[in-house]
Amino acid sequence: MNKLYAILLLMCLFASADAQYTQSVRGVIVDKETKNPLINAVVSVSSLNPAIGTVSDESGNYILTNVPAGKHTIVINNVGYQPVTLTNILITSAKEVLLNIEMEESASNMQEVEVKARKERVNEMAIVSAKTFDVQETERYAGSRADPARMASNFAGVQGADDSRNDIIIRGNSPQGVLWRLEDVDIPNPNHFAVPGTTGGPVSMLNNKTLANSDFFTGAFPAEYGNSTAGVFDLKMRNGNNKRHELTGQIGFLGTELAAEGPLSKKSGASYLFTYRYSTLKLFEGLNIKIGTNSVPNYQDAALKLNFPIGKKSNLSLFGIGGLSKIDLIVSKLTEQPEELYGESDRDQYFYSNTGIAGVSFHHLINKSTYTKIVVAQSVNEIGSHHDKVFRNADHKVDSLKHVLGYTFNTKTTTAHWYLNKKLSARSVLKIGIVNNYYQVNMVDSSRQYPPTRQDWQHRINYKGGTDLMQAYLQYKYRPTDALTLIAGVHGQYLTHNQDGVIEPRIGMRWRVSSSGVLTAGYGLHSQIQQLYQYYAHLPQNTRNTMHNYNVGFTRSHHMVAGYEHIFSKVMRVRTELYYQYLFNVPIENITGSSFSGLNQGASFSRVFPGALVNNGAGYNYGIELTIEKSFDKNFYVLVTGSVFDSKAIGNDGVYRNTDYNTRFASNLLAGYEPRIGKNSVLLTGVKVTYAGGRLYSPPDITASNALGDLVVIESQRNTLKFPDYFRADMKFGIRINAQKFTHELAVDLVNIFGIKNILSLTYNADLAAQGAYPFVKNYQLGFLPLFYYRIDFGSGKNK
């Protein structure tokens with residue numbers, strides 16, 4: 001580590017002598033509701049004195065040349081449209097900055113109303129409980145690991161107190177309730193080592209180098225989103241540079257990466273964007289750094305986007321992402337009790353998870369007020385595992401191995417999304433659409449895990465077939481004035497295999513009550529299907545066609561949100577939101593006295609096979625959130641987020657209990673200082689502190705656990721105990737150096753710098769039980785973890 005600090009210091013000294021470098025900024029300016037190009041829009045870099053400016057041409061194209069490297073503010077003005085201000089736009093010497101701008105037409109004749117928002121949300125209907133996911137922040141914030149999901153944990157209302165996984169837990173909801181979207185289509189879990197029934201994992205297969213700014217919703221989301229009860233992460237891929245070729249190479253502890261982009265045809269404007277990453281976690285093994293497992297995870301992922309403009313009115317794009325992951329958790333070769341964060345300590349586990357998504361998107365301008373888009377995608381998700389139980393003698397030596405579990409879950413999903421957007425006037429917009437997800441599954445699962453003496457196999461799934469989730473929506477946006485925006489819509493969805501259907505109203509309001517204050521409010525009724533494998537599971541004593549949960553209906557949820565934002569200055573703002581969610585039709589076990597609730601699934605490396613379920617359960621979440629933000633200005637930024645909440649669920653025992661995610665509070669403090677070194681380089685520093693309530697757990701039933709050979713809790717006392725509160729501090733140090741056609745970035749992210757031993761869970765240990773000792777052990781989260789990377793960007797051609 002001392003050598004790394006020395007390298008950083010030498011690079012700082014080298015950077016201070018560099019000459020000034022510049023770069024160009026270009027893009028297309030369009031009407032936000034119609035996507036038609038805007039002519040004669042004025043674009044200027046207001047952070048320079050004198051300012052650099054230009055105007056858009058008849059196709060909406062603009063270019064700013066000779067913009068000095070650094071962070072700048074860009075302002076766009078056009079007659080009849082609300083001004084747009086983009087702050088903290090990073091300019092480097094290696095790569096051009098491509099900024100496509102959408103402007104909203106003024107609803108009144110007053111043209112001098114300035115929108116002070118730091119950044120525009122991508123979705124024009126996003127006005128309530130919506131945050132903008134900024135790609136730069138995944139690299140700026142300490143501890144984010146360039147992971148969109150981990151970056152989202154910095155938002156108010158999102159819990160991020162699990163070092164082993166990046167599950168997005170929103171407002172006390174299960175992470176199962178989160179919908180992932182990419183390029184306007186629903187996608188499966190986009191994480192490596194993904195377990196069926198989850199939406200998170202240890203490592204994301206999303207590469208932030210391919211992503212554009214996107215929207216993240218935490219409640220009462222617009223009518224175009226269905227099949228979710230918690231939140232939506234609506235990701236967009238950016239287009240590659242269509243004028244010149246650019247390359248990025250990166251090496252670090254989390255992977256070796258290569259990214260390339262450039263024109264396929266400069267005449268037509270066609271472009272490509274490609275990334276590939278291969279894991280290098282084996283470096284940790286050589287440095288004796290604990291990563292939560294004694295095994296070395298292997299993973300690789302890639303992403304691709306090809307974009308083809310077709311004349312002036314149409315655009316065709318092909319896109320895809322894919323990831324392969326594999327890990328062999330071998331404990332039989334160990335001579336001491338393992339500290340295993342990602343598996344179980346009494347068995348060898350062989351696990352793989354492969355996911356691929358490929359799609360085609362077509363966008364067409366019908367006329368000056370209407371456009372349409374259709375996206376068709378195919379996704380494949382393959383997950384499998386093989387477990388061998390390890391039996392040891394009193395000396396902890398291996399006595400025998402027994403095959404106890406095997407499964408393969410393969411799911412192919414064909415998704416189509418079509419919508420039509422019509423701008424009726426400067427005040428109103430109508431959007432209608434259809435979404436269809438057809439799932440084809442081939443699932444097999446057999447177990448003889450419990451009790452350890454069991455010899456016969458219990459078959460739990462053996463199904464091959466399909467089902468179709470059909471959705472349709474209509475939403476209407478109305479702005480009587482520039483200060484007031486109203487959104488109303490309706491969403492419907494229907495699941496074919498059990499003929500369950502729902503109609504859901506949505507409504508939202510955003511009112512700028514003054515030049516510095518904004519009120520928001522919203523309501524939505526939302527529904528979600530159950531995990532596919534639970535529909536097709538059967539009890540071991542039944543035949544494979546007797547699927548006891550085949551007809552379980554949607555989980556449903558009412559969302560109510562109210563918020564206020566006060567803007568103190570161009571760089572300082574405070575936001576707060578109050579929310580209440582009532583969940584109903586929640587699956588619970590049809591067993592008297594059972595405290596099981598479907599709301600307590602989705603945040604572990606285990607699958608859940610409940611008994612017969614009925615939609616008689618309920619739950620609620622309510623709380624308040626606060627965000628204090630000082631955006632990047634004068635070389636530093638500060639972000640404080642916090643939430644206080646309560647989350648309860650009721651099972652068949654008729655008692656409202658804490659959900660697994662009811663940690664009561666979560667808070668983050670992020671700050672960074674990035675001073676310039678010389679004319680072209682920047683010192684990168686950042687800190688993040690997370691403090692959250694401890695995880696809940698249930699008292700174990702020792703007698704029942706020993707009899708089964710696994711953890712059995714006391715049903716009547718579910719989630720009545722709590723681990724100590726979670727605390728973690730991360731720091732980041734680095735430097736960015738601009739050179740002719742190149743940009744270098746070297747940094748180290750120090751995760752959990754104090755090495756705090758936060759408790760993750762309580763598990764059963766068969767070896768301790770065999771010795772007559774207390775059979776339960778506490779599993780601890782990651783200790784100190786240094787993450788180093790070096791990145792180099794290169795741009796061909798002459799900088800302008």
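Given the criteria touching a residue at least 12 places away in the same chain (Cβ under 8 Å) and open to solvent by 50 Å² or more (accessible area, probe 1.4 Å), does Tyr789 qualify? No: the conditions fail for Tyr789. Checking Ser361, Ser385 one by one, the residue that is open to solvent by less than 30 Å² (accessible area, probe 1.4 Å), assigned to a strand (DSSP E or B) and farther than 20 Å from Thr415 by Cα is Ser385 and no other.
Of the residues making up region 58-73, those that are over 15 Å from Ser47 (Cα atoms) and among the charged types (D, E, K, R) number 1.
Considering only region 465-479, I want to know if a residue exists there that is within 30 Å of Gln349 (Cβ to Cβ) and open to solvent by 40 Å² or more (accessible area, probe 1.4 Å). No, because not a single residue in region 465-479 is within 30 Å of Gln349 (Cβ to Cβ) and open to solvent by 40 Å² or more (accessible area, probe 1.4 Å). Each residue in region 626-642 was checked for being open to solvent by 10 Å² or more (accessible area, probe 1.4 Å), over 13 Å from Met572 (Cα atoms) and within 22 Å of the chain's Cα centre (by Cα), and 2 of them qualify. Of all residues in region 675-712, exactly one satisfies the criterion of being open to solvent by 30 Å² or more (accessible area, probe 1.4 Å), over 30 Å from Tyr764 (Cα atoms) and among the small types (Gly, Ala, Ser), namely Gly678.
Cβ-Cβ contacts under 6 Å between residues 6 or more apart (or on different chains), taken from a first residue in region 135-157 that is more than 23 Å from Tyr579 (Cβ to Cβ) and at pLDDT below 80 to a second residue that is open to solvent by less than 20 Å² (accessible area, probe 1.4 Å) and part of a loop (DSSP other than H, G, I, E, B), are listed as Thr138/Ser144.
Filtering Asn367, Asn315 for residues that are open to solvent by 30 Å² or more (accessible area, probe 1.4 Å) and without any contact (Cβ under 8 Å) to a residue 24 or more places away in the chain leaves a single hit, Asn367. The sole residue among Leu532, Leu583 that is open to solvent by 20 Å² or more (accessible area, probe 1.4 Å), under 27 Å from the mean Cα position of the chain (by Cα) and at pLDDT 95 or above is Leu532. The residues listed here are Tyr550, Tyr494; of these, the one that is out of contact with any strand residue (DSSP E or B) (no Cβ under 9 Å at 6 or more places or on another chain) and at pLDDT 95 or above is Tyr550. Any residue that is assigned to a strand (DSSP E or B) and surrounded by fewer than 18 Cβ atoms within 10 Å (Cβ to Cβ) - is there at least one of those in region 588-604? So far as region 588-604 goes, no, none of its residues is assigned to a strand (DSSP E or B) and surrounded by fewer than 18 Cβ atoms within 10 Å (Cβ to Cβ). Determine, yes or no, whether Ser647 is in a strand (DSSP E or B), surrounded by fewer than 18 Cβ atoms within 10 Å (Cβ to Cβ) and small (Gly, Ala, Ser). No, not satisfied. If you check Tyr478 against the conditions, is it over 25 Å from the mean Cα position of the chain (by Cα) and at pLDDT below 95? For Tyr478, the condition - over 25 Å from the mean Cα position of the chain (by Cα) and at pLDDT below 95 - is not met.
All told, Gln449 meets the bar of being at pLDDT below 95, crowded, with 16+ Cβ neighbours inside 10 Å and in contact with a strand residue (DSSP E or B) (Cβ under 9 Å, 6 or more places away or on another chain).
Every test in (1) open to solvent by less than 20 Å² (accessible area, probe 1.4 Å); (2) free of Cβ contacts under 8 Å to residues at least 24 places away in the same chain is passed by Gly619 save one, and that test is (2).
One residue alone among Ala747, Ala766, Ala707 is in contact with a strand residue (DSSP E or B) (Cβ under 9 Å, 6 or more places away or on another chain), farther than 30 Å from Asn66 by Cβ and touching a residue at least 40 places away in the same chain (Cβ under 8 Å), and that residue is Ala766.
The values are calculated or read from the model by the stated rules, or taken from the named source; none is laboratory data. The shown structure was predicted, so the numbers you read here are calculated from the model rather than taken from an experiment. All Cβ positions, even for glycine, are placed from backbone atoms using ideal geometry, and neighbour counts span all protein chains on display. Surface areas here come from the heavy atoms of the whole protein model, side chains and all, with no ligands, DNA or RNA. Shrake-Rupley method; radii C 1.70, N 1.55, O 1.52, S 1.80 Å.
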